[in-house]
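Below you'll find the structure, written out as structure tokens, and then a few comments.
The values are calculated or read from the model by the stated rules, or taken from the named source; none is laboratory data. Here the structure is a predicted model, which means the values were calculated and not measured. Virtual Cβ from ideal backbone geometry, glycine too; neighbours counted across all protein chains shown.
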Amino acid sequence: MQTRKFLLKDEDIPRKWYNIAADLPTPMQPPLGPDGLPVTPESLAPVFPMNLIEQEMSQERWIDIPEEVLEILSIWRPAPLVRATYLEKFLKTPARIYYKDESVSPAGSHKPNTAVPQAWYNKQFGIKHLTTETGAGQWGSALAFACGRVGLDCKVFMVRISFDQKPYRKAMMQVWGAKCIASPSNETNAGRDILKKYPDTPGSLGEVS
């Protein structure tokens, strides 16, 4: 039988993140703030902890992954590399096609790969609560899992139509200790204003509140 799944050993899990910014031929243009000026670390500080801002601004090629983060990631990583033989056959291509199977993560997507370090860095900076938005629920469940592992409170505003149609995602978040709220909600002024005008709104990522 042809081999389709390729697995790294646990001890071969990557121990550094690769930062492509170090190898770009020309530096990327900086993101712009609401005032049209380049975003600075100081302007990001009210939203993100400085240890994450330093990574965002870093030009270093390799960034060490903290041991505590590696320990959590090792629950499901390294993820399998799978050869898509049936897709190759369907396309009638001589090329070999591979994909990473990220469905093996606790939340069923690739998103815990970044949610875990984000939660961990926030915890190290002294943050106790994280609040986020989610559409279909993948990011919300990923952050709920991450917060549960590192010991942070988590609140997720989930687009109402997904909140109603995908109860299993809400259940996942609750199992990991997060509070999941249909959005727009009555918990914020913006949410109350929207519901007053459009009480039957299905919600959207543009009006998460």
* Asked: Looking at the stretch 5-16, which of its residues are within 24 Å of the chain's Cα centre (by Cα), farther than 23 Å from Glu54 by Cβ and surrounded by 10 or more Cβ atoms within 10 Å (Cβ to Cβ)?
  -> Leu7, Leu8, Ile13
* **Flag if Ala142 is outside the structural domain of Pro184 (by TED's automatic domain parsing) and either in contact with a helix residue (DSSP H, G or I) (Cβ under 8 Å, 6 or more places away or on another chain) or surrounded by fewer than 17 Cβ atoms within 10 Å (Cβ to Cβ) (or both)** => no
* Asked: Name the residues in the stretch 17-34 that are touching a helix residue (DSSP H, G or I) at 6+ places or on another chain (Cβ under 9 Å) and more than 17 Å from Glu54 (Cα to Cα), would you?
  -> Gly33
* Asked: Taking the stretch 151-182, which residues are in contact with a helix residue (DSSP H, G or I) (Cβ under 6 Å, 6 or more places away or on another chain) and among the small types (Gly, Ala, Ser)?
  -> Gly177, Ala178, Ala182
* Can you name every residue in the stretch 114-132 that is surrounded by fewer than 19 Cβ atoms within 10 Å (Cβ to Cβ) and of a type outside the set (A, V, I, L, M)? -> Thr114, Gln124, Phe125, Gly126, Lys128, His129, Thr131
* **Every pair of residues 6+ apart whose Cβ atoms lie under 6 Å, when the first sits in the stretch 35-53 and is assigned by TED's automatic domain parsing to the domain that holds Ala119 and of a type in the set (Asp, Glu) while the second is surrounded by fewer than 16 Cβ atoms within 10 Å (Cβ to Cβ) and part of a loop (DSSP other than H, G, I, E, B)** => none
* Asked: Which one of these does Ala84 not meet: (1) surrounded by 13 or more Cβ atoms within 10 Å (Cβ to Cβ); (2) within 24 Å of Leu130 (Cα to Cα)?
  -> (2)
* With the stretch 114-209 as the region, which helices (runs of 4 or more DSSP H) entirely inside it contain at least 1 residues that are free of Cβ contacts under 8 Å to residues at least 24 places away in the same chain? -> 160-165, 167-175, 189-197
